[in-house]
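Below is one structure, written out as structure tokens; comments come after it.
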Amino acid sequence: MNPKVDFFISGATKWREELKMLRRIVLDCDLIEEIKWRQPCYTYHNSNVVIISRFKEYCALNFFKGVL
């Protein structure tokens, strides 16, 4: 677990619990947790797999190359 992601989640005022749940789900997949573009990004063999984002009205789990 990356402490920078802890800081990202602690800064959330609206979606904190949802972000924690998404993080747990993604970490169960044995991905490497990093911060890229000021957001938690999860990689596998140095390739981006998924990123967690927070916005005013929603939070999102976005997949890179999702169709593959």
Practice item. Within the range 13-35, work out how many residues are within 17 Å of residue 66 (Cβ to Cβ) and open to solvent by 40 Å² or more (accessible area, probe 1.4 Å). Key: 2
Point to revise | Selected residue (only one of 53, 10 is among the polar types (S, T, N, Q) and open to solvent by 50 Å² or more (accessible area, probe 1.4 Å)) | key: 10
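The values are calculated or read from the model by the stated rules, or taken from the named source; none is laboratory data. Remember, it's a predicted structure, so these values are computed and weren't measured experimentally. Neighbour counts run over all protein chains shown; Cβ positions are idealised from the backbone, glycine included. When the accessible area is computed, the model is the full protein with side chains, heavy atoms only, and any ligands, DNA or RNA have been set aside. Shrake-Rupley method; radii C 1.70, N 1.55, O 1.52, S 1.80 Å.
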